[in-house]
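A.B. asks: Here you go, one structure.
The values are calculated or read from the model by the stated rules, or taken from the named source; none is laboratory data. Given the structure is predicted, the values throughout are model-derived calculations rather than measurements. Every residue, glycine among them, receives a Cβ derived from its backbone with ideal geometry; neighbour counts consider all protein chains shown. Only protein heavy atoms, including side chains, enter the accessible area calculation; ligands, DNA and RNA are left aside. Shrake-Rupley method; radii C 1.70, N 1.55, O 1.52, S 1.80 Å.
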Amino acid sequence: MAKNSLEAFIEGIRSTWGPLTTEVVERSRAQLVDLVKAPVTEEWLASLHEAAPAYAELYRDPTHGFVLLAHTESAGLYRPPHDHGRGWVIYVLQQGEIEMGSYARVTNADGQVRLVKRDTTIVRPGQAMVYLPGDIHDTRCVSGPALLLRFTARDLKKEDQENHKVTRYVERDGIWTVGKTCSLTGRALGLSVKHE
Ligand SMILES: [Fe+2]
């Protein structure tokens, strides 16, 4: 029996987990939206507000591999466009406001890759954004401190640093494009963005 909202969330996700489907995404989104309705007196949430960590791992599932992270962001923090490799991700906001842009990757006739921005959404508390494999987005905290929960279907650090499946984009002459890549690994070079 769950003792608090975080434990109820974990139990709920575990009980309905499976391969990526519309239903799994929708159930996960609904449970994340419920999670940020938790009273701020619950210890896990109170401590996040108090410590305001830039990065905190709240849960990692030993069986299914999903991970729940928390990020506290200050107004103005920008995370450039990226995808999540083979992973899918749901962001839900507990506090503050974050602008999230969505992009498509297109290749010109001359082979140049560029991103085209599809739209921008101001994400507010209680609102969730879903990014499926291949989706590209950026984030900008517009009202802080923001508390963002990030649910990832797999460990994105591994996906990035060990499997090199995460693509990050750089701005060059006003165009978001791919960075230079290492000829041996195919991995982008010269990028220092840590968040995915
Ligand atoms: Fe992301």
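A.B. asks: Let me know the whole percent of all Cα-Cα pairs from region 42-99 that are separated by more than 16 Å.
C.D. replies: Taking all Cα-Cα pairs of region 42-99, the fraction more than 16 Å apart is 56 percent.
A.B. asks: With Rg and the Kirkwood Rh both taken from Cα atoms, where does Rg over Rh land for the chain?
C.D. replies: 0.98
A.B. asks: Hey, quick one: spin label on residue 158, modelled 7 Å out along Cα-Cβ, who in region 1-44 has an amide N within reach, i.e. under 13 Å?
C.D. replies: Within reach of a label on residue 158: no residues.
A.B. asks: Here is a further query. If I model a spin label as a point 7 Å beyond the Cα along the Cα-Cβ vector, how far apart are those points for residue 25 and residue 142 in nm?
C.D. replies: For the pair residue 25/residue 142, the computed spacing is 2.4 nm.
A.B. asks: Could you give the Stokes-Einstein D for region 133-182 in µm² per second, using the C-alpha Kirkwood radius, 4 °C, 1.567 mPa s?
C.D. replies: Diffusion coefficient, whole number: 95 µm²/s.
A.B. asks: Here's something else I'd like to know. Need one number: nm distance between label points at residue 86 and residue 7, each 7 Å from Cα along Cα→Cβ, rounded to one decimal.
C.D. replies: My value for the distance between the label points is 3.4 nm.
A.B. asks: Let me ask you something else. Which FRET efficiency value, to the nearest 0.05, do you get for residue 78 and residue 16 by plugging their Cβ-Cβ distance into 1/(1 + (r/R0)^6) with R0 = 30 Å?
C.D. replies: 0.30
A.B. asks: For region 1-111, what percent of Cα pairs sit more than 23 Å apart?
C.D. replies: 38 percent
A.B. asks: Compute the accessible area per residue over the chain, keeping the other protein chains in place, probe 1.4 Å, unit Å².
C.D. replies: Heavy-atom accessible area per residue stands at 52 Å².
A.B. asks: Now, a different point. Only helical DSSP H runs with n ≥ 4 go in: add -39500 (n - 2.57) per run for the chain, normalise by residue count and round the 222 nm mean residue ellipticity to 500 deg cm²/dmol.
C.D. replies: Taken over the chain, the calculation gives -6000 deg cm²/dmol.
A.B. asks: How much of the accessible area of region 1-117, probe 1.4 Å, is carbon plus sulfur, in whole percent?
C.D. replies: Carbon and sulfur atoms account for 52 percent of the accessible area of region 1-117.
A.B. asks: Taking 2.2 N^0.38 Å as the expected size of a compact globular protein, what ratio does the Cα radius of gyration of region 76-153 give against it, to two decimals?
C.D. replies: 1.16
A.B. asks: Now for a separate question. Quick check: pseudo-label points 7 Å beyond the Cα along Cα→Cβ at residue 119 and residue 43, how many nm apart are they?
C.D. replies: My value for the distance between the label points is 4.1 nm.
A.B. asks: Counting only residues 5 or more places away or on other chains, whose amide H sits under 5 Å from the amide H of residue 134 once H atoms are built in the peptide plane?
C.D. replies: 84, 85
A.B. asks: Can I ask one more? Considering only the other residues whose Cβ falls under 15 Å of the Cβ of residue 3, what net charge follows from Lys and Arg at +1 and Asp and Glu at -1?
C.D. replies: Neighbour charge sum, excluding residue 3 itself: -4.
A.B. asks: Let me ask something additional. Count the net charge of all other residues whose Cβ sits under 10 Å from the Cβ of residue 140, scoring Lys and Arg as +1 and Asp and Glu as -1.
C.D. replies: -3
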